[in-house]
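Have a look at the structure below, then the notes.
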């Protein structure tokens, strides 16, 4: 379980996050909602260890970030809102760099990268520098980088930004499978529709404080909208479950 206790962040005299408490249990996708400037990105950066809290604690399966940051961060995969990458590299070169930093053995790493590029529809562009990639393609590279070490917690900051509809449908299927396997997902967004489609709980932030918590009925979560159902029929969308299942098999191998 991810647990934030009295999490606080100050930037000089500005209080960006004020004694925030929340948890993400195994098997949950938790939506983290709020307007711009509410503290969502600050929270995400604290959770993944990019910022140090001014006060409070973060623990992941009883591992305290302050006590053992390396072990805490080893268990996390992170997809940021903006796909900042070393764009002079190919996707394979970037994923190789990430995999080495994660300590994945070389032989296993290259097999994993090759399969992920294929499954995420990046194989045909494997020799291109990422400067030529669309935003959606860069998001898929970041998703591969976040998943390739098989994390316990996936932290997402507006992950659907730039994804086309097909990639978005695959991503949603994949997140549901991760939760079904007992992983934890913290999903920061401003999109109520995505939270309703994916999450079992929502946390609402305003001016650095949690102002509401809401459970989402399971009848809402897995029910496509009429427009979505019509789109899938009209465009003959495939069943993304086998593809998402294969992705999870690859990262666990």
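Bear in mind these aren't lab numbers, they're just calculated from the coordinates by the rules spelled out. Quick caveat, the model's predicted, so the values are computed rather than measured. Cβ sites come from the backbone with ideal geometry, for glycine too, and all protein chains shown count toward neighbours.
Between residue 14 and residue 207, residue separation times 0.36 nm minus the direct Cα-Cα distance comes to 68.4 nm.
Oblate is the label for region 88-202, because a/c, from the alpha-carbon gyration tensor with a ≥ b ≥ c as root eigenvalues, is 1.5 or above and a/b does not exceed b/c. The alpha carbon centroids of region 78-103 and region 17-41 are separated by 26 Å.
With both residues required to sit in region 117-215, DSSP beta bridges show an antiparallel share near 55%. Taking 0.36 nm per residue of sequence separation and removing the Cα-Cα distance, the residue 101/residue 164 pair yields an extension gain of 19.7 nm.
Extending 7 Å from Cα along the Cβ direction at residue 26 and again at residue 252 yields two label points whose distance is 1.3 nm. Among rounded, prolate and oblate, which fits region 1-64 when a ≥ b ≥ c are the square roots of the eigenvalues of its C-alpha gyration tensor, a/c under 1.5 means rounded, and a/b larger than b/c means prolate? Here region 1-64 falls in the oblate category. Length, then width, then depth: along the principal axes, the Cα atoms of the chain run 49, 45, 31 Å. Based on the Stokes-Einstein relation at 20 °C and a viscosity of 1.002 mPa s, and on the Kirkwood radius from alpha carbon pairs, region 47-128 is assigned a translational diffusion coefficient of 144 µm²/s. With 0.36 nm allotted per residue and the present C-alpha distance subtracted, the residue 214-residue 61 stretch has 52.7 nm of extension available. Report, for the chain, the % of DSSP beta bridges that are antiparallel, rounded to 5. Just about 55 percent of them are antiparallel.
For region 25-166, the C-alpha radius of gyration sits at 1.10 times the compact-globule guess of 2.2 N^0.38 Å, with N the residue count.
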